[in-house]
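Here it is: the structure, laid out below.
Read-outs throughout are calculated quantities, based only on the coordinates presented, and are distinct from any laboratory measurement. Predicted model, so just to flag it, every value in this text is computed and none were measured. FYI the Cβ positions are ideal-geometry reconstructions off the backbone, even for glycines, and counts take in every protein chain you see.
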Amino acid sequence: MILAQAHISFTVSDIERSKRFYGDLLGLPLAYEMVHNHPYTATQVGYPDAHLLAAGFRLGRRDDETAAILELLEYVHPKGRPVDMATANPGIGHLAFYVDDIWQEYERLYAAGITFRSEPVRVEAGVNIGVCTVYLRDPDDVTLELVQRPEAA
């Protein structure tokens, strides 16, 4: 039986660049940094002599030790290659974040050079009616979503 979510993970091409994006730009609190170059790591990931760099960001309040973690992994060895991260491709996901002012975040991130699919839009049908939402891309082309609940709009 699955008990709870442990963490969410994305593979990134440059851990330092991704730490700046998720930590400095998005404001997620850094929970840990690790080097994974142990024999168990190679066994777990299925690559002989695997060497990974990891950074975990808390998805919640800075003081919430039980918050979910976004773990970013850079494969130093073996080095990966970019794939087509188009959101419509099977196997490609996205991560959504609640924000209190979607227009303020959109303008701040847009001014910082972040690529968006559109301006924020209001959902007009379905279970999320009234929500405002917008898609953006991280430095490795991972789709992220900002969501503002209707009562905050």
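To test your reading of the geometry: what angle, between 0 and 90 degrees and rounded to tens, separates the Cα axis of helix 102-111 from the longest principal axis of the chain?
Helix 102-111 sits at roughly 60 degrees to that axis.
Another question about this same structure. Springs between alpha-carbon pairs under 10 angstrom, Gaussian network model over the chain: which of Tyr106, Tyr40, Tyr22 fluctuates most?
Top of the fluctuation ranking is Tyr40.
Using DSSP to call loops (not H, G, I, E or B), can you name the trypsin sites (Lys or Arg not before Pro) in the range 39-93 whose Cβ has at most 16 other Cβ atoms within 10 angstrom?
Of the trypsin sites (Lys or Arg not before Pro), the ones in loops of the range 39-93 whose Cβ has at most 16 other Cβ atoms within 10 Å are Arg61, Arg62, Lys79.
Please report, in whole Å, how far the alpha carbons of the range 7-77 spread along each principal axis, starting with the longest.
Result for the range 7-77: principal-axis Cα extents of 37, 25, 15 Å.
Based on Cβ point charges of +1 for Lys and Arg and -1 for Asp and Glu, what charge dipole magnitude is obtained for the range 114-153 about its Cα centre, in debye rounded to the nearest 20?
My answer is approximately 140 debye.
In Å³ and rounded to a whole number, note down the convex hull volume per residue for the Cα atoms of the chain.
About 156 Å³ per residue, rounded to a whole number.
So which trypsin sites (Lys or Arg not before Pro) in the range 88-153 end up in coil per DSSP with only 16 or fewer other C-beta atoms within 10 Å?
Sites meeting the loop and neighbour criteria: Arg117.
Magnitude of the Cβ-charge dipole of the chain, K/R +1 and D/E -1, about the Cα centre, nearest 20 debye?
About 180 debye.
Please identify the GluC sites (Glu not before Pro) of the range 1-82 that satisfy two criteria: DSSP loop assignment and at most 12 other Cβ atoms within 10 Å. Which are they?
Glu65
Rounded to the nearest 500, what is the 222 nm mean residue ellipticity of the chain from helices alone, with -39500 (n - 2.57) per DSSP H run of 4+ residues and division by all residues?
Taken over the chain, the calculation gives -3500 deg cm²/dmol.
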